[in-house]
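Worksheet: one structure, shown below.
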Amino acid sequence: MARGIEFDYEKAIASATQLFRKRGYSNTSLRALLKVMKIGEGSFYNTVKSKERLYLECLKHYNDTIGRERLAALMSSPSVKAGVRALLKTVLDQLDDPKTPTLCLMAGSISSDVLRERELRAYVVSQMGAFFGLFAERLQAGKTSGELPADFEPEVVVQIIGTYLQGLFRTAMVSYDRQQAERQIEVLLTSLGL
């Protein structure tokens, strides 16, 4: 007869997610994971199976929590421009949270160590594609409604904002100043017509 899980799985996944955000995939040891998850090696292998599988579960947890907050912000306003600004404000609010590491787990997953793992690569690519697709649809709706000009290019703008966010998450690991980031965002959005 199989034994049930003898630890708080959700809490363990949340703790592992924070550690992966702080250290990255390759720099996070099994020993460190077991410690923050508060489980033994046997429980780890019986439940999670591998570090790769755990990372995938952490990516899913991250998208179900942090990612969901960002998407809700993007969709929060009837105005597309206000929705984009709400999304970026949410990102900055999350960066300001002293309880969480600055690196976005999805941004940190765009690295050779993660992308060489087939299942992780497939998940990262699909989730980024899904988010960018929803973002582009939101911008297209603004173009269709007349809020954005007829020559506005939603797919290009989404790629530009995505690239900016990648850079923001990476540089925030070294130095982060909210006022400076807000100014950068204002210049970026204004130049993009948002």
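A few points about this structure:
- Dimensions in Å of the chain - Rg and Dmax from alpha carbons: 18.6, 64
- Counting only whole DSSP H helices of the chain, the ones at least 30 Å long by C-alpha along their axis and with mean Kyte-Doolittle hydropathy no lower than -0.5 are 118-145.
- Compactness relative to 2.2 N^0.38 Å, alpha carbon Rg of the range 58-108: 1.16
- Relative contact order of the chain, pairs being alpha-carbon contacts under 8 Å that are 6 or more residues apart, as %: 21
- Charge-dipole axis of the chain as Lys and Arg at +1 and Asp and Glu at -1 on Cβ define it, positive-most pick from 192, 131, 27: 27
- All C-alpha pair distances within the range 125-181, sorted into 10 Å bins from zero, spread as 22, 39, 30, 9, 0 percent across the bins.
- Relative contact order of the range 2-98: 23 percent, from C-alpha pairs under 8 Å at least 6 residues apart in sequence.
- The range 83-194, dipole about Cα centre (Lys/Arg Cβ +1, Asp/Glu Cβ -1), debye to the nearest 20: 160
- Considering helices alone, the calculated mean residue ellipticity of the chain at 222 nm is -21500 deg cm²/dmol, with DSSP H runs of length four and up weighted by -39500 (n - 2.57) and normalised per residue.
- If only the Cβ of Lys and Arg carry +1 and only the Cβ of Asp and Glu carry -1, the dipole of the chain around its Cα centre is close to 620 debye.
- Å² of accessible area per residue within the chain, as computed with a 1.4 Å probe and no ligands counted: 55
- Set 49/89; 51/89; 38/60; 89/143 screened for pairs whose C-alpha atoms are more than 31 Å apart: 49/89; 51/89
- Between the range 42-77 and the range 125-194, the alpha-carbon center distance in angstrom: 23
- Distance histogram for the range 1-115 (every C-alpha pair counted, 10 angstrom bins, percent rounded to whole numbers): 13, 40, 29, 14, 4, 0
The values are calculated or read from the model by the stated rules, or taken from the named source; none is laboratory data. What you are looking at is a predicted structure, and each value in this text was computed from that prediction instead of being measured. Positions of Cβ are generated from backbone atoms using ideal geometry, with glycine treated the same way; all protein chains shown enter the neighbour counts. Each accessible area value is taken on the protein alone, full model and side chains, heavy atoms only, with ligands, DNA and RNA left out. Shrake-Rupley method; radii C 1.70, N 1.55, O 1.52, S 1.80 Å.
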